[in-house]
Every structure is written in structure tokens, then in C-alpha cells.
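These notes are about the structure you will find just below.
The values are calculated or read from the model by the stated rules, or taken from the named source; none is laboratory data. Quick caveat: nothing in here was measured; it's all calculated off a predicted structure. FYI the Cβ positions are ideal-geometry reconstructions off the backbone, even for glycines, and counts take in every protein chain you see.
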Amino acid sequence: MAPLLLWEQYVAPLKRLFLKPNFSTAVIFIIFFKVGEAMLVAMANPFWIDRGFTPGEIGFVVGTLGTLGVGLVLACFLGGARIARRMRAGGHGSRARTEPEWLSRQ
């Protein structure tokens with residue numbers, strides 16, 4: 001099998017994405033959401049300091065939760081890789097149903 005060209009791998013899917021209906025609406029929503037989130041993050045430390053927490057306590061919580069978040073993302077990727085490997089090997093669950101069982105009983 002011949003390797004895919006750069007256009008077929010990257011540019012064509014992005015072009016299809018940009019041509020989807022309401023794509024610009026989704027991008028505008030994401031931009032406004034992220035701007036608000038950035039402002040919230042900038043004000044988090046002054047808020048916690050006003051509530052009486054020390055910078056050390058804030059750093060401990062932020063560092064601990066950040067480390068747990070990275071671990072959870074890593075666990076998701078490892079779980080997805082394991083499922084993909086089992087499906088390629090024809091293991092249990094390799095023939096997934098296209099709809100839930102309760103929906104097909106109607």
C-alpha cells in the first residue's frame with residue numbers, strides 16, 4: 001500500500017472540517033469560552049488569598065490536582081490503546097453493536 005500524500009493526510013481533512021455547516025459559530029463559541037476561562041484562571045490566586053489561604057497551600061492543591069489530572073489523561077490513553085489492541089486481535093467485544101440493546105427492543 002502506497003503511503004498517503006501530505007495533502008490526503010492533513011490538508012484535506014482540515015478543509016472538510018472548515019467547510020462543515022456552523023463551523024464558524026462553533027469556533028466563535030470556543031474563543032469566547034476560552035477568553036472567559038483565561039480571565040477566571042488569572043483571578044483564582046487572588047480569590048484564594050483573600051479567603052485566607054497561604055500561597056503554599058494554594059500551590060500544594062494546584063500541584064496535586066494538576067498531577068492527578070495528568071495521570072488520569074495518561075490512564076485514558078493507555079486504556080484506549082489496550083482496547084484498540086484487543087479489537088485488532090479479534091478479542092472480546094471486537095464486534096461492537098451499532099445501537100444499544102434497549103433501543104433495538106422497541
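Scanning the range 44-60 for residues that are in a helix (DSSP H, G or I), surrounded by 10 or more Cβ atoms within 10 Å (Cβ to Cβ) and not β-branched (Val, Ile, Thr) turns up 44, 45, 47, 48, 55, 57, 59, 60.
Filtered by the rule that a residue be of a type in the set (S, T, N, Q), part of a helix (DSSP H, G or I) and at pLDDT 90 or above, the range 1-26 gives 24, 25.
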